[in-house]
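Please read the structure below before turning to the comments.
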Amino acid sequence: MTQPIRAARGSQLTTRGWQQEGALRMLMNNLDPEVAERPDDLVVYGGTGKAARDWPSYHALVRTLTDLREDETMLVQSGRPVGVMRTHEWAPRVLLANSNLVGDWATWPEFRRLEQLGLTMYGQMTAGSWIYIGTQGILQGTYETFSAVAAKRFNSTLAGTLTLTAGCGGMGGAQPLAVTMNGGVCLIVDVDRTRLDRRVHDRYLDEVADSLDDAVARVLAAKRDRRALSVGVVGNAAEVFPELLTRGVEIDIVTDQTSAHDPLAYLPVGVDLAEARDYAAAKPAEFTDRARASMAKHVEAMVGFLDAGAEVFDYGNSIRGEAQLGGYQRAFDFPGFVPAYIRPLFCEGKGPFRWAALSGDPADIAATDRAILELFPENESLARWIKLAGERVAFQGLPARICWLGQGERDKAGVRFNDMVASGELSAPVVIGRDHLDTGSVASPYRETEGMADGSDAIADWPLLNALVNTASGASWVSIHHGGGVGIGRSIHAGQVCVADGTALAGQKIERVLTNDPAMGVIRHVDAGYDSAREVADRTGVRVPMTEG
Ligand code: NAD
């Protein structure tokens, strides 16, 4: 690919309708060099999460979406368009299934074998479902998590605390800004200097130190002064974490977002970054063993910090599972972030609601920001987030915004945005979607559904029902994926996106989808026995047959 990809902007259609146009612009936006980690390889984020299987598939997707009619639906099988079916105007314009494998075959080696044969691709969560919006997407969730850590342990502020983490990639790069937005100090380790520099450029990371000694001096000074600061340092976390533990540096919070979910994407100690890709391709089993041995050391140090009294959590990358496979027995001594901090929000149907302006005009996002503040004036933390995001977040690709909204809130916001398109207050339609990491859309026993109250962690009927109900409710595109976030064999999850094109039909669809989609989360948590979810269901009129009569 020679020409960088950039989605069309403005209010002129390049397809037969806005539902198709939304899908086409978001596919292209996922591969915009401002958004994607490795656009030349079609990789959007999360190790090898792709938007299309290969270049011929990408071109066929563009061609098909450009010509797709309002009563047709394109079917996508792991990043390749495989059919166009006659449907109807309430049906999604695109249905996607990415990376799915039958249970016993759902292993990395088998997935890689099939991938090499050109039969599948890794869709991650929002890479293959075309609603990745750059690092901001994860920023809100990361901000929420660190706020919850602050509320739990540090009098609701991270001022005067030091957080140690690693992995400054597409998702992990949100961590330093999320910590400083909460007033804290962050030290972030990455083996790849370019990743740290990119986050400095995006204003997610304040500075990069020249050495570990330099980094430690800078973060300790900031901690002492209760000054918010984030510092990056180049190094392998499996060496730097144990070194910091041995030195006795006073660290309050420890987590990690290296690409540990994929042992071929985590750099083992002693391997040169420049050689890693070829080495992993040539000797995947040996590379995996070495990566897991390094992860064992990395996690052993995290448990060392836990023993020393720090707040330690797994940030959804499966590093505990991989470290255990690497022979470290105490890997699961610290919890995952969902049971520790996020589940109470999921019980209210809250999750990562997001939207993007197809106009390309930042003024459209500013107008939607104002609408959110008007709609939910009583929600202080939401107001704080919207204000900070407006000031601190640099857009990547099409201007976009994310905020966590719950049952009874998402439909209000969506209908309002559609009205704003209709009235001309917004200069073009917006797409409204979410991460697959949401309240009722994912089964992932190491992450979103870890430690469910009724033990239903691995039950994967819920995300499938979620995709079905969004399809039945009128979403513009719906996806079912496997493996995103935590790796092959470990998760099944679904996504939806609606295009608010200002028509009355879009308004009706949006109202139903954005009511039913979070309602899946409410009923899932009622079913698992969470009282707070039951209260939300009662309050918002979500029907749960087993609690009726
Ligand atoms: P990425 O591939 O873009 O970035 C990973 C980073 O880790 C890279 O910068 C790489 O250089 C660095 N790295 C690899 N090995 C290292 C080592 N040994 N020491 C130090 N740095 C190392 O991936 P991403 O999109 O940032 O995602 C990171 C992880 O977080 C993935 O496992 C992903 O599945 C997970 N994730 C979690 C959530 C969540 O909600 N908690 C959401 C999305 C992704």
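The values are calculated or read from the model by the stated rules, or taken from the named source; none is laboratory data. Worth saying up front: this structure is predicted, and the values here are computed from it rather than measured. A quick note on method: Cβ atoms are made from the backbone with ideal geometry, for glycine too, and the neighbour counts reach across all protein chains shown.
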Exercise. Pick from segment 477-498 the residues that are within 15 Å of the ligand (Cβ to nearest atom) and small (Gly, Ala, Ser): which of them is surrounded by the fewest Cβ atoms within 10 Å (Cβ to Cβ)?
Worked result: GLY489
Exercise. Do we find a residue being farther than 30 Å from ARG198 by Cβ, part of a helix (DSSP H, G or I) and out of contact with any Ser or Thr (no Cβ under 7 Å at 6 or more places or on another chain) anywhere in segment 72-90?
Worked result: no
Problem set entry | All positions within segment 46-64 that are touching a strand residue (DSSP E or B) at 6+ places or on another chain (Cβ under 7 Å) and part of a helix (DSSP H, G or I) | SER57, ALA60, LEU61, THR64
For this session: Could you tell me whether any residue of segment 106-123 is more than 12 Å from the ligand (Cβ to nearest atom), under 21 Å from SER444 (Cβ atoms) and of a type in the set (Phe, Trp, Tyr)?
Result: yes
Problem set entry | Matching residues, segment 125-150, being more than 9 Å from the ligand (Cβ to nearest atom), in contact with a helix residue (DSSP H, G or I) (Cβ under 9 Å, 6 or more places away or on another chain) and within 25 Å of ALA301 (Cα to Cα) | TYR143, PHE146, SER147, ALA148, VAL149
Exercise. Does segment 345-362 include one or more residues that are part of a loop (DSSP other than H, G, I, E, B), aromatic (Phe, Trp, Tyr), within 15 Å of the ligand (Cβ to nearest atom) and farther than 20 Å from ALA500 by Cβ?
Worked result: no
For this session: Would you check if ALA8 is among the small types (Gly, Ala, Ser), in a loop (DSSP other than H, G, I, E, B) and either in contact with a Cys (Cβ under 9 Å, 6 or more places away or on another chain) or within 14 Å of GLY128 (Cβ to Cβ) (or both)?
Result: no
Seminar exercise, completed: Listed by first then second residue, the pairs whose first member lies in segment 277-298 and is within 10 Å of LEU264 (Cα to Cα), whose partner is acidic (Asp, Glu), with beta carbons under 7 Å and at least 6 positions apart or on separate chains, are ARG292/GLU322
Exercise. From the list GLY173, GLY169, which residue is assigned to a loop (DSSP other than H, G, I, E, B), within 10 Å of the ligand (Cβ to nearest atom) and either surrounded by fewer than 24 Cβ atoms within 10 Å (Cβ to Cβ) or modelled with pLDDT under 95 (or both)?
Worked result: GLY169
Problem set entry | Selected residue (only one of ALA537, ALA533, ALA528, ALA519 is farther than 17 Å from GLY351 by Cα and of a type in the set (Gly, Ala, Ser)) | ALA528
